[in-house]
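These notes are about the structure you will find just below.
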Amino acid sequence: MNQQFELFDIDNPCIGVCQSNKKGYCFGCLRSRAERQRWHDMTTEQQREVLRLIAGRKLRIELMRLRKNEQLRFDFEEKFEMGELF
């Protein structure tokens with residue numbers, strides 16, 4: 001198998017937020033604690049895999065937000081007729 005040489009380094013995805021949730025994922029770059037700590041020791045292929053994982057995490061977060069907004073909109077936009085209680 002031929003190895004392809006990289007002409008450019010992959011930029012670190014850190015955006016300077018650097019705060020983690022309970023599971024250790026950064027709110028800014030969405031990397032795990034281990035991914036953040038090992039970034040500079042990773043091969044280009046490993047860094048690409050982390051970027052792929054980040055893209056999947058972003059997508060899941062966006063989908064969760066959309067579902068939440070749809071649920072909230074559904075709950076508040078629907079009008080219910082209430083009959084007399086007494």
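The values are calculated or read from the model by the stated rules, or taken from the named source; none is laboratory data. Here the structure is a predicted model, which means the values were calculated and not measured. Cβ sites come from the backbone with ideal geometry, for glycine too, and all protein chains shown count toward neighbours. With ligands, DNA and RNA removed, areas are computed over all heavy atoms of the protein, side chains included. Shrake-Rupley method; radii C 1.70, N 1.55, O 1.52, S 1.80 Å.
Scan region 23-44 for residues that are part of a helix (DSSP H, G or I), surrounded by 11 or more Cβ atoms within 10 Å (Cβ to Cβ) and without any contact (Cβ under 8 Å) to a residue 12 or more places away in the chain and jot them down.
Correct list: ARG38 only.
Hey, could you check region 10-22 for residues that are in a loop (DSSP other than H, G, I, E, B) and in contact (Cβ under 8 Å) with a residue 12 or more places away in the chain and say which is most open to solvent (accessible area, probe 1.4 Å)?
The qualifying residue most open to solvent (accessible area, probe 1.4 Å) is ILE15.
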